[in-house]
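Worksheet: the structure to be examined is printed underneath.
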Amino acid sequence: MLKNDILSILKANKDKHISGQELCEMLNVSRTAVWKCINELKSDGYIIESKHKSGYLLMEEPDIIDYMEISPYLKTEFIGRNYLHFESISSTNDYAKEIAPRATDGTAIVAEEQTSGRGRMGRHWVSNKGQGIWLSMILKPNLSPNEAVKLTQVAAVAVVDSIKEIADIRSGIKWPNDIVINSKKVCGILTEMNGEIDRVNFIVIGIGINVNVQNFPEDLCGKATSLSIETGKILDRKPLTASILNNFEKYYRIFLINGFSSIRNLCKEYSLTLNKDVKVIINNNECIGRAVDIDDDGNLIVVFKNGEKKTIASGDVSVRGLLGYV
């Protein structure tokens, strides 16, 4: 794409002007084509100085997370290499499910804004423009549905590592799909799949992270937070987006080769649920117990007050006395 080629050249020459004629000769295009692309880049938010007889100089880059901006940080072999970026979309997960049958394995759908973002149980997820990472990945592994559900925790481990790597702050996992900092939710993970009894056709993993959100709706105050609020600074979303893709591919490969047991210790290390009293909600029935372990299948082991031990594979688990948002 010509616009991306011009942007790459400008990025590589931030200390000097590049003339329109140089760009024409380098890319074998007309001056009109170059001028048109420069104007498109300006419309995208790039500040480009146009100086007579000197040429073009990239002065400032917008806070967007399209492929051109995250690719310098991306180290994956296939996760996110097919990268679809949207200014606004209803839901990255819904779009991912729509295109999944014909999409390549590892396709990532990323949006600056979601107008109908959602989490587990159909709960609304606020996805303000340019303030978070709203990302879905399409996977096509040779797994059974029972194995596929464990990918939620694989993604959770990847996100915790990325937050530490880029934001330099420790977060933890509320089993199985929420990332929490200081007792408030900063990220949610929604895994959906299409398959048959014994095989998966495709899996969509949606990740929503509040990065630079400063204000939340009244009903979320005290329950939600952002990386910016917790660190006291505005964070660059580009390296964080790439880091999530990088870390997910790493742990996904480990999971496919060695199974969930290979990342179980990390799930336990990052867990905010273990050794806490929990309220297990299954089919509208509530039971109080203590979370004591995560087994090799990713299930939560809970010991109830009557001494009964249960393996919890699904349902909504709330942590009493720890997480303010539940």
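The values are calculated or read from the model by the stated rules, or taken from the named source; none is laboratory data. Everything quoted here is computed from the prediction, not taken from an experiment. Because the Cβ atoms are built from the backbone with ideal geometry, glycine has one as well, and the counts that use them run over all protein chains shown. Ligands, DNA and RNA are excluded from the accessible area calculation, which covers all protein heavy atoms including side chains. Shrake-Rupley method; radii C 1.70, N 1.55, O 1.52, S 1.80 Å.
Being modelled with pLDDT of 95 or more and not aromatic (Phe, Trp, Tyr): is that true of Asn265 here? Yes; evaluated as a whole, the condition is true for this residue.
Condition check for Arg31 on (1) touching a residue at least 40 places away in the same chain (Cβ under 8 Å); (2) more than 20 Å from Asp236 (Cβ to Cβ); (3) exposed (fewer than 13 other Cβ atoms within 10 Å of the Cβ): one failure, at (1).
Restricting attention to the range 181-203 and to residues that are in a strand (DSSP E or B) and of a type in the set (Val, Ile, Thr), the residue that is surrounded by the most Cβ atoms within 10 Å (Cβ to Cβ) turns out to be Val186.
For Leu2, the test of being of a type in the set (A, V, I, L, M, F, W, C), surrounded by 14 or more Cβ atoms within 10 Å (Cβ to Cβ), under 30 Å from Glu249 (Cα atoms) and more than 26 Å from the chain's Cα centre (by Cα) is passed. When the residues of the range 37-88 are filtered to those that are among the hydroxyl-bearing types (Ser, Thr, Tyr) and open to solvent by less than 60 Å² (accessible area, probe 1.4 Å), the one that is modelled with the lowest pLDDT is Ser54. Filtered by the rule that a residue be touching a His at 6+ places or on another chain (Cβ under 6 Å) and either under 30 Å from Lys250 (Cβ atoms) or β-branched (Val, Ile, Thr) (or both), the range 39-66 gives a lone residue, Asp66. Taking the criterion of being in a helix (DSSP H, G or I), at pLDDT 95 or above, small (Gly, Ala, Ser) and within 17 Å of the chain's Cα centre (by Cα), would at least one residue in the range 130-151 satisfy it? Scanning the range 130-151 turns up no residue that is in a helix (DSSP H, G or I), at pLDDT 95 or above, small (Gly, Ala, Ser) and within 17 Å of the chain's Cα centre (by Cα). Could you tell me whether the range 204-222 includes any residue that is over 24 Å from Ala103 (Cβ atoms), in a helix (DSSP H, G or I), out of contact with any strand residue (DSSP E or B) (no Cβ under 7 Å at 6 or more places or on another chain) and without any contact (Cβ under 8 Å) to a residue 24 or more places away in the chain? Checked the range 204-222: at least one residue is over 24 Å from Ala103 (Cβ atoms), in a helix (DSSP H, G or I), out of contact with any strand residue (DSSP E or B) (no Cβ under 7 Å at 6 or more places or on another chain) and without any contact (Cβ under 8 Å) to a residue 24 or more places away in the chain. The set of residues from the range 184-199 being touching a Lys or Arg at 6+ places or on another chain (Cβ under 8 Å) and hydrophobic (A, V, I, L, M, F, W, C) comprises just one member, Leu190. Scanning the range 260-292 for residues that are over 19 Å from Lys305 (Cα atoms) and in contact with a Phe, Trp or Tyr (Cβ under 9 Å, 6 or more places away or on another chain) returns Ser262, Ile263, Leu266, Cys267, Ser271, Leu272. Within the range 170-181, identify whether any single residue is charged (D, E, K, R), within 22 Å of Gly130 (Cα to Cα) and in contact with a strand residue (DSSP E or B) (Cβ under 6 Å, 6 or more places away or on another chain), and answer yes or no. Yes: one or more hits. The residues listed here are Val211, Val200; of these, the one that is among the β-branched types (Val, Ile, Thr) and modelled with pLDDT under 95 is Val200. Among residues of the range 235-261 being open to solvent by 50 Å² or more (accessible area, probe 1.4 Å) and in a helix (DSSP H, G or I), the one that is farthest from Tyr83 (Cα to Cα) is Ser261.
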